[in-house]
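All remarks here apply to the structure that follows.
The values are calculated or read from the model by the stated rules, or taken from the named source; none is laboratory data. Predicted, not measured: the structure shown is a model, and the values here were computed from it. Backbone-built Cβ (ideal geometry, glycine too); neighbour counts: all protein chains shown.
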Amino acid sequence: MNKNIDTKKIIISNPLKLDCGKEINNFPIAYETYGELNSEKSNAILVFHALTGDQYVSGKNPITNKDGWWSYVVGENKPIDTNKFFVICANVIGGCMGSYGPSTINESTGKQIGTDFPIITINDMVNAQYELIKYLEIEKLFAVVGGSMGGMQVLQFVANFPDKAKLAIPIACTSSHSAQNIAFNELGRQAIMADSKWENGFYSNYKLNPDKGLAVARMAAHITYLSEKGLQEKFGRKLQDRDSLRYGFEADFQIESYLRYQGSVFVDRFDANSYLYITRAMDYFDLSKQYKGNLSDAFKETKTKFFVISFTSDWLYPTSENREIVIALNSIGADVGFVEIESDKGHDSFLLDVPSFLKTLGDYINSTYKVINERRI
Amino acid sequence: MKEEFNIISNLIEENTRVLDVGCGNGDLMKFLQENKTKDIRGLEISKEKVQNCLSKGLTVIEGNAESDLKQFPKSSFDYVILSQTLQAFLNPEIVINELLKVGKKVIVTIPNFGYWRVRLQLLFKGTMPVTENLPHEWYNTPNLHMCTIKDFYNFCSAKNIKIFKSIALKKSRISEINESNLNYKNLDSHLGIFLIES
């Protein structure tokens, strides 16, 4: 987070009016691109990242030195083939990978903004990223794609800019954060804020980091990304590096050790305040409320083709919530396809090697690209 | 199969909005897209078949016609097609009513249980008929409500459903069905194709 890495960045000079009422300007958006934009500028795909994602979709992430978060989907000869498509992904505002967020240094004080950072929404994130599309001089995207919070951004993008994408693929998401979703996010936030090193969000002033709280937040969230069956099959009651119980509170079980590990690696790459701000943005997301309770109205103006995907074992953003998006689109005669993919991997399925998902997504994108280009829409 | 597709295609006007209910692997959708109209959607219950359709770039929704047709507004399609699927529903009457709501016109095709080859199997072999068109055994058939051309014809008149066109198919021979030849067509055709409206 905000380490000295060479991130691509633009400064947005246009003022952006946020939903909270505040206005921001001259703020950075960090982004990454993959593949080449063709001469007609007709092959651009904007990928939106999820809660803890970043702009490094594919290839090696220069900060973690691990594969990009969507390496199964984006890359050469992958479902979104970068030999063919120009893929753009930006770090959301509120994030900690170079875009304007709570860890951005306030130049007048020389300190991190911390919790003086304004509350942002999914709508604000999308509007900020649209500035990047304008900067790249792309009149119309071929597709906007994203899973989880990325899917929410897909929906918001089409609602805000009905003629700027030919195809929209929201995956494993919802049009409105449920009580359960809010509850889990609140649990994470309380874990961070209960850490004495949080210092009301100004921990960096004291060279502190609420890493214990952030790790607990991540551990709790991580459970929601998996399925009961997946957990049981992978871990069961297997013991960690021992033959019998130790009668103490060490990580006796593999699942404990796994979660502790997930928590500990997460704090190295993610900012605790960003976690607060981004989960808040997700909780505030209610697209139908933005349209007076009628979700269909969000898409009334658009000719964008939709493809909605959910997963059988995803209980965080279950099929029923994805289906509501499909129903809203069908009720206005929009062009929408939908499938629920069979998978035991829970909400995380969209990030993982789920062959029928990867095949269907790739084939659909490629054949739709062919059809749309042939028709020259 | 090809003959059925041709007949269906001939019943549809160009550049209209079409929904194929129980679209399977999307063969009919593909055929109509190439020959009649680009604006075609599908509804299919099998995940695997939905994925096959989507892989071809077809706009298909995974869903069950008995519960998921409701989401489409009234008369939102010029034509709704139900090809050789009616017999597989728990409640065909409700499905027909839903189809007639969603579509301005509905095309229903029916594997004819009154075909003489089917009748002979039951009459002489005394077993449930298994034919090229109805390949399942009684214990694994998805077909819950088999009917004959005459059954469907009578059903439409009893329910005040208008039949615009009714066509009988035997191998590749196509003929019109009417009041006077109904009994003969019911005996001598393997498939009935109906264009109806509420």
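Residues of the range B:63-91 being acidic (Asp, Glu) and touching a Ser or Thr at 6+ places or on another chain (Cβ under 8 Å), which ones?
Keep residues of the range B:63-91 that are acidic (Asp, Glu), which gives B:66, B:68, B:78.
Residue satisfying the conditions is B:78 alone.
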>> Please verify whether residue A:307 is within 10 Å of chain B (Cβ to nearest Cβ) and either at negative phi or small (Gly, Ala, Ser) (or both), treating the condition exactly as stated.
In response: yes
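From the list B:94, B:81, exactly one residue is more than 23 Å from residue A:364 (Cα to Cα), more than 14 Å from the chain's Cα centre (by Cα) and away from every other protein chain (no Cβ under 14 Å). Which is it?
On the way: B:81 fails: more than 14 Å from the chain's Cα centre (by Cα).
Going through B:94, B:81 in turn, the sole match is B:94.
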> If a residue has to be part of a helix (DSSP H, G or I), of a type in the set (Ser, Thr, Tyr) and either within 16 Å of the chain's Cα centre (by Cα) or closer than 21 Å to residue A:351 by Cβ (or both) to count, how many in the range A:305-326 make the cut?
Replying inline: 1
> Only one of A:288, A:274 is under 30 Å from residue A:196 (Cβ atoms) and not charged (D, E, K, R); which?
Replying inline: A:274
> Of the conditions (1) surrounded by fewer than 17 Cβ atoms within 10 Å (Cβ to Cβ); (2) touching a residue at least 60 places away in the same chain (Cβ under 8 Å); (3) part of a loop (DSSP other than H, G, I, E, B), residue A:302 fails just one. Which one is it?
Replying inline: (1)
>> Any residue at all in the range B:3-25 that's buried (at least 17 other Cβ atoms within 10 Å of the Cβ) and in contact with a Cys (Cβ under 7 Å, 6 or more places away or on another chain)?
In response: yes
> Going by the conditions given, is residue A:227 of a type in the set (Ser, Thr, Tyr), in contact (Cβ under 8 Å) with a residue 60 or more places away in the chain and either in contact with a strand residue (DSSP E or B) (Cβ under 6 Å, 6 or more places away or on another chain) or assigned by TED's automatic domain parsing to the domain that holds residue A:111 (or both)?
Replying inline: no
> How many residues does the range A:335-361 hold that are facing chain B (nearest Cβ under 10 Å) and surrounded by fewer than 23 Cβ atoms within 10 Å (Cβ to Cβ)?
Replying inline: 5
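One line per residue, one yes/no per condition, for (1) assigned by TED's automatic domain parsing to the domain that holds residue A:230; (2) among the aliphatic types (A, V, I, L, M):
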residue	(1), (2)
A:252	yes, no
A:255	yes, yes
A:262	yes, no
A:299	no, no
A:306	no, no
A:321	no, no
> Out of all the residues in the range A:280-290, is one or more outside any helix (DSSP H, G or I) and more than 8 Å from every other protein chain (Cβ to nearest Cβ)?
Replying inline: yes
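Taking the stated definitions as given, is residue A:32 surrounded by fewer than 20 Cβ atoms within 10 Å (Cβ to Cβ) and of a type in the set (D, E, K, R)? Outline the logic, then answer.
Values: surrounded by fewer than 20 Cβ atoms within 10 Å (Cβ to Cβ): no; of a type in the set (D, E, K, R): yes.
Judged against the criteria, residue A:32 is not a match.
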>> For residue A:329, only one of the following conditions fails: (1) more than 18 Å from the chain's Cα centre (by Cα); (2) more than 12 Å from chain B (Cβ to nearest Cβ); (3) assigned to a helix (DSSP H, G or I). What is its number?
In response: (2)
>> Where the second residue is surrounded by 22 or more Cβ atoms within 10 Å (Cβ to Cβ) and polar (S, T, N, Q) and the first is more than 7 Å from chain A (Cβ to nearest Cβ) and lies in the range B:54-77, which pairs have Cβ atoms under 8 Å and are six or more apart or on separate chains?
In response: B:65/B:85
>> Looking only at the range B:175-194, filter to residues that are surrounded by fewer than 20 Cβ atoms within 10 Å (Cβ to Cβ) and closer than 24 Å to residue B:104 by Cβ; which one of those is farthest from the chain's Cα centre (by Cα)?
In response: B:178
>> Looking at B:49, B:30, B:38, can you tell me which residue is surrounded by fewer than 20 Cβ atoms within 10 Å (Cβ to Cβ) and at pLDDT below 95?
In response: B:38
>> Pull out all pairs, ordered by first then second residue, where Cβ-Cβ is under 6 Å, the residues are six or more apart or on different chains, the first lies in the range B:1-21 and is farther than 18 Å from residue B:44 by Cα, and the second is modelled with pLDDT under 95 and in a helix (DSSP H, G or I).
In response: B:9/B:35
> Can you tell me how many residues in the range B:12-26 are within 14 Å of another protein chain (Cβ to nearest Cβ), in a loop (DSSP other than H, G, I, E, B) and under 17 Å from the mean Cα position of the chain (by Cα)?
Replying inline: 3
> For the range A:224-265, which residues satisfy the criterion of being crowded, with 16+ Cβ neighbours inside 10 Å and within 24 Å of residue A:173 (Cβ to Cβ)?
Replying inline: A:224, A:225, A:226, A:227, A:230, A:262
>> Here are the criteria: (1) buried (at least 17 other Cβ atoms within 10 Å of the Cβ); (2) without any contact (Cβ under 8 Å) to a residue 40 or more places away in the chain; (3) at the interface with another protein chain (Cβ under 9 Å from one of its Cβ atoms). Tell me which single one residue A:364 does not satisfy.
In response: (2)
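Suppose we filter the range B:97-127 for residues that are within 14 Å of chain A (Cβ to nearest Cβ) and either assigned to a helix (DSSP H, G or I) or surrounded by fewer than 22 Cβ atoms within 10 Å (Cβ to Cβ) (or both); how many remain?
Within the range B:97-127, the first condition is being within 14 Å of chain A (Cβ to nearest Cβ), and the residues that meet it are B:98, B:101-104.
Then keep just the ones that are either assigned to a helix (DSSP H, G or I) or surrounded by fewer than 22 Cβ atoms within 10 Å (Cβ to Cβ) (or both); that gives B:98, B:101-102, B:104.
So the answer is 4.
Yes/no per residue for (1) outside any loop (DSSP other than H, G, I, E, B); (2) closer than 13 Å to residue A:135 by Cβ; (3) of a type in the set (S, T, N, Q):
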residue	(1), (2), (3)
A:9	yes, yes, no
A:14	no, yes, yes
A:21	no, no, no
A:28	yes, yes, no
A:33	yes, yes, yes
A:36	no, no, no
A:39	no, no, yes
A:42	no, no, yes
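Taking residue A:293 as the residue in question, decide whether it is within 12 Å of chain B (Cβ to nearest Cβ), out of contact with any strand residue (DSSP E or B) (no Cβ under 6 Å at 6 or more places or on another chain) and of a type outside the set (Ser, Thr, Tyr). Full working, then the answer.
Working: within 12 Å of chain B (Cβ to nearest Cβ): no; out of contact with any strand residue (DSSP E or B) (no Cβ under 6 Å at 6 or more places or on another chain): yes; of a type outside the set (Ser, Thr, Tyr): yes.
Considered against the rule, which asks whether it is within 12 Å of chain B (Cβ to nearest Cβ), out of contact with any strand residue (DSSP E or B) (no Cβ under 6 Å at 6 or more places or on another chain) and of a type outside the set (Ser, Thr, Tyr), residue A:293 comes out as no.
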